[in-house]
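Contents: one structure, followed by commentary.
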């Protein structure tokens, strides 16, 4: 490689600036160079081994975080062929004792039960992988803090999932989680408040707009109705009408009003069944929104 200007071969690579410069004339030949190697330096084999970060990422959904070797259930060799029955019996014993050895104390047993329950509830709710990993990490923090003593594992798992769903803005209500986990809603709410206080979690308030898409889809309404519902909610939020009120009821009332305004009328009972609230709640929120926003709605 030589300088295209002066044809000099005296080039210098500046790794800090990511440039290749000609020493003879000062021309910058290359810039914004990407260094393919690691950002750390090692002067011997021991330092290189300790600073290398190769390997699979940590999985908090696994009780051992994915750092322990597992013996699979397929009973096949490296070529895919079946192994002999005598070796299968030996592998069965190895698998059994390996499983027992990996769960050696009460905390590991608790994690094994709790993470299985967490995965079951998250699967029924259709939650993505990032929510499951974040929920598993939060549950581990609860275990380290000693918040699980004297409480049902299922209630702590449900409270953790509810907290993470609110943190990431995923619309899942206490009623939905309670139905899947088969734990009373009051117990989940009590555990949720305890976790947020003890761990100092800053959970944002639930935005009613998160529920608009769900309600509109369930009621088979058009995009125009969805847009109108969002506009009504934005006006209500600007006037502070959602403070101290359940987000589900406000969102349901906004969808109900929008359906009437766009000519896709749905009854209060239909909207209430989809939203999981009572018709009285929708009527009360409807009257408040109509009066405060001066909406001309004829029921």
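For segment 208-293, state the average projected area of the convex hull of the C-alpha atoms over all orientations, rounded to one decimal in nm².
Reported value for the Cα convex hull: 4.6 nm².
How many angstrom lie between the Cα centre of segment 194-243 and the Cα centre of segment 94-147?
Rounded to whole Å, the Cα centres lie 31 Å apart.
Using label points projected 7 Å from each Cα along Cα→Cβ, tell me how many nm separate residue 98 and residue 213, to one decimal.
Reported label-point gap for residue 98 and residue 213 is 4.1 nm.
Among 42, 136, 254, whose mean-square fluctuation peaks in a Gaussian network model of the chain (Cα, cutoff 10 Å)?
Among 42, 136, 254, the largest mean-square fluctuation in the Gaussian network model of the chain belongs to 42.
Is it possible to state the helix-based mean residue ellipticity at 222 nm for the chain, with each DSSP H run of 4+ residues giving -39500 (n - 2.57), the sum divided by total residues, to the nearest 500 deg cm²/dmol? What is it?
For the chain, the value works out to -17000 deg cm²/dmol.
Which angle from 0 to 90°, rounded to the nearest 10, does the C-alpha axis of helix 247-261 make with the longest principal axis of the chain?
60
Using a Gaussian network model of the chain with C-alpha springs under 10 Å, which one of 76, 132, 266 is most mobile by mean-square fluctuation?
Top of the fluctuation ranking is 76.
In a GNM of the chain with a 10 Å cut-off on Cα contacts, which of 87, 235, 268 has the highest mean-square fluctuation?
Maximum among the listed residues: 87.
With 10 angstrom as the radius, rank 178, 106 by how many other C-beta atoms surround their C-beta, starting from the fewest. Write down the numbers at each step before the final one.
On the way: 178 19, 106 8.
Starting with the residue having the fewest Cβ neighbours, the order is 106, 178.
Report relative contact order for the chain in percent, whole number only (criteria: Cα-Cα under 8 Å, sequence separation at least 6).
Result for the chain is 9 percent.
Can you sort 295, 138 from fewest to most other Cβ atoms within 10 Å of each residue's own Cβ?
In increasing order of surrounding Cβ atoms, one gets 295, 138.
Could you give the length gained by full extension between residue 89 and residue 45, i.e. 0.36 nm per residue of separation minus their alpha carbon distance, to one decimal place?
11.7 nm
Segment 106-199: percent of C-alpha pairs farther apart than 18 Å? Working shown, then result.
Values: 1528 of 4371 pairs.
Roughly 35 percent, rounded to a whole number.
Could you put 13, 156 in order, starting from the residue whose Cβ has the fewest other Cβ atoms within 10 Å?
Details: 13 13, 156 26.
Result, fewest neighbours first: 13, 156.
For the chain, what does the equivalent ellipsoid look like in terms of its semi-axes, each the square root of 5 times an eigenvalue of the Cα gyration tensor, given largest first in whole Å? It would help to have the intermediate numbers written out before the result.
Working: eigenvalues 504, 278, 77 Å².
Each semi-axis is √(5λ); the values are 50, 37, 20 Å.
No lab work stands behind these numbers, since they all come straight from the coordinates. Keep in mind it's a predicted model, so treat the numbers as computed, not measured. So basically every Cβ, Gly included, is an ideal-geometry build from the backbone, and we count neighbours across all protein chains shown.
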